[in-house]
Amino acid sequence: MRIGVLMGGRSLERDVSLRSGRRVSRALTELGHDVLDLDVDERLVPTLKEERLDLVYIALHGKFGEDGTVQELFEILDVPYTGPGVFSSAIGFNKALSKEIFQREGIPTPPFFVLSEATFQEMGALYSLGAVGDKLGFPLVVKPVAQGSALGVKVAATRDELPEAVRSALHYDDRVLLEKYVKGTEVAASILGNEYLEALPLVETVPRSGFFDFDSRYTPGLTEYYCPARLDDDASQRSVEAALHTHRALGCLNVSRVDIIVDETGVPQVLELNISPGMTETSLLPMAAETAGLDFNDLVKRLVGLAMEKYS
Ligand SMILES: Nc1ncnc2c1ncn2[C@@H]1O[C@H](COP(=O)(O)OP(=O)(O)O)[C@@H](O)[C@H]1O
Ligand SMILES: [Mg+2]
């Protein structure tokens with residue numbers, strides 16, 4: 001097959017995407033495909049029209065790559081692509097809308113509030129932060145509504161730290177999510193499949209310090225990984241069920257990775273769903289696949305097969 005690998009892009013996660021993309025590109029070449037590396041620029045659409053690719057592997061992360069934007073273009077151009085479609089991407093990249101759906105579906109997710117930049121600039125929302133703290137308690141997690149790789153995520157230990165955490169999140173998006181902090185075991189559940197879904201073994205992440213932030217993710221040695229996760233059977237099973245439910249609720253196809261914290265009572269609290277999980281050397285989906293007996297090339301082969309299945 002002639003396969004394009006779309007990587008890089010202009011989001012803040014460009015470097016991570018290049019790392020994912022180059023690895024995928026190498027795997028596809030080793031699998032015998034004719035591979036064309038693609039980046040995002042004004043020539044993307046003309047190139048796609050000229051090249052007549054059988055498939056594009058989307059290795060973009062973050063805004064425009066993971067939020068339905070590029071997926072919509074592929075729909076318009078009738079170019080088959082990997083991963084979930086426009087709707088799932090748009091919802092998955094928006095943590096506020098995702099959590100609204102989780103709640104309606106009965107999927108446990110930490111209590112939260114969402115405030116837009118306009119409410120601070122035009123309505124004095126700064127003076128509502130005390131009430132947010134009273135309702136959610138401390139510590140409290142502050143994050144941009146639409147962002148990835150933990151960029152802009154801060155834990156506010158006290159009321160005094162809230163305004164600064166909010167300001168910093170607003171550098172990344174014009175909406176900020178304020179969420180109850182969950183103490184527990186963080187795990188990532190990767191799901192593969194279209195109609196029939198397979199949950200890969202859970203990967204537990206234990207950062208040396210603080211939470212699973214950007215540095216903990218991409219600097220080898222700063223996080224300990226356990227796959228399968230060190231959870232009891234009941235908590236594992238509930239986490240997998242919550243992830244499958246989340247994947248279905250957002251109408252995902254092909255693949256997703258659901259980020260979960262199992263709280264101290266054993267309840268899997270779903271934080272978010274990722275439609276373009278990282279494929280770097282330290283990424284969680286390849287780690288889970290490895291434990292399930294799929295090496296990196298097997299995983300890429302599987303993702304290509306699942307993508308083609310949705311067009312047949
Ligand atoms: N409610 C929470 N309680 C405790 N830690 C959290 C919470 N929300 C996020 N975190 C930490 O912040 C990280 C990033 O949050 P997440 O919602 O997964 O966003 P991202 O899209 O940036 O990965 C998580 O991996 C976790 O370590
Ligand atoms: Mg996450």
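The values are calculated or read from the model by the stated rules, or taken from the named source; none is laboratory data. The structure presented is a predicted model; accordingly, all values stated were derived computationally and were not measured. All Cβ positions, even for glycine, are placed from backbone atoms using ideal geometry, and neighbour counts span all protein chains on display. Surface areas here come from the heavy atoms of the whole protein model, side chains and all, with no ligands, DNA or RNA. Shrake-Rupley method; radii C 1.70, N 1.55, O 1.52, S 1.80 Å.
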* Structure fact -> Going through segment 147-170 in order, the residues found to be in contact with a helix residue (DSSP H, G or I) (Cβ under 7 Å, 6 or more places away or on another chain) and in contact (Cβ under 8 Å) with a residue 60 or more places away in the chain are Ser149, Ala150, Leu151
* Structure fact -> Of the residues in segment 160-184 that are in a strand (DSSP E or B) and open to solvent by less than 40 Å² (accessible area, probe 1.4 Å), the one that is nearest to Ile261 (Cα to Cα) is Glu179
* **Check on Lys49, outside any helix (DSSP H, G or I), basic (Lys, Arg) and out of contact with any strand residue (DSSP E or B) (no Cβ under 6 Å at 6 or more places or on another chain)** => no
* Asked: What pairs can you find where one residue is in segment 266-286 and touching a residue at least 40 places away in the same chain (Cβ under 8 Å) and within 11 Å of ligand 2 (Cβ to nearest atom), the other is aromatic (Phe, Trp, Tyr) and in a helix (DSSP H, G or I), and their Cβ atoms are less than 8 Å apart, with a gap of 6+ or different chains?
  -> Val270/Phe102
* To do: Answer yes or no as to whether Arg175 is more than 13 Å from ligand 2 (Cβ to nearest atom) and not assigned by TED's automatic domain parsing to the domain that holds Ala150.
  => no
* In segment 202-236, how many are open to solvent by less than 50 Å² (accessible area, probe 1.4 Å), outside any loop (DSSP other than H, G, I, E, B) and either more than 16 Å from ligand 2 (Cβ to nearest atom) or among the basic types (Lys, Arg) (or both)? -> 3
* **Residue match in segment 250-267 (condition: under 22 Å from Leu60 (Cα atoms), more than 14 Å from ligand 1 (Cβ to nearest atom), open to solvent by 40 Å² or more (accessible area, probe 1.4 Å) and part of a helix (DSSP H, G or I))** => no
* Restricted to segment 16-46, and to residues that are open to solvent by 60 Å² or more (accessible area, probe 1.4 Å) and assigned to a strand (DSSP E or B), which residue is farthest from Lys310 (Cα to Cα)? -> Asp37
* Take segment 129-142 and flag every residue that is under 11 Å from Arg159 (Cα atoms) and either open to solvent by 40 Å² or more (accessible area, probe 1.4 Å) or more than 25 Å from the chain's Cα centre (by Cα) (or both). => Leu129, Gly130, Ala131, Val132, Gly133, Asp134, Gly137, Phe138, Pro139
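Residues are listed down the side, and each one gets a yes or a no for (1) within 30 Å of Arg238 (Cα to Cα); (2) more than 13 Å from ligand 1 (Cβ to nearest atom):
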site: Gly137; (1), (2): yes, no
site: Ser149; (1), (2): yes, no
site: Asp174; (1), (2): no, yes
site: Thr185; (1), (2): yes, no
site: Tyr196; (1), (2): yes, yes
site: Pro201; (1), (2): yes, yes
site: Thr205; (1), (2): yes, no
site: Ser209; (1), (2): yes, no
* **Any hit, segment 187-201, residues being open to solvent by 10 Å² or more (accessible area, probe 1.4 Å) and within 16 Å of ligand 2 (Cβ to nearest atom)** => no
* Identify, please: which residue in segment 216-240 is among the acidic types (Asp, Glu) and touching a residue at least 24 places away in the same chain (Cβ under 8 Å) and is, among those, nearest to Gln103 (Cα to Cα)? -> Asp234
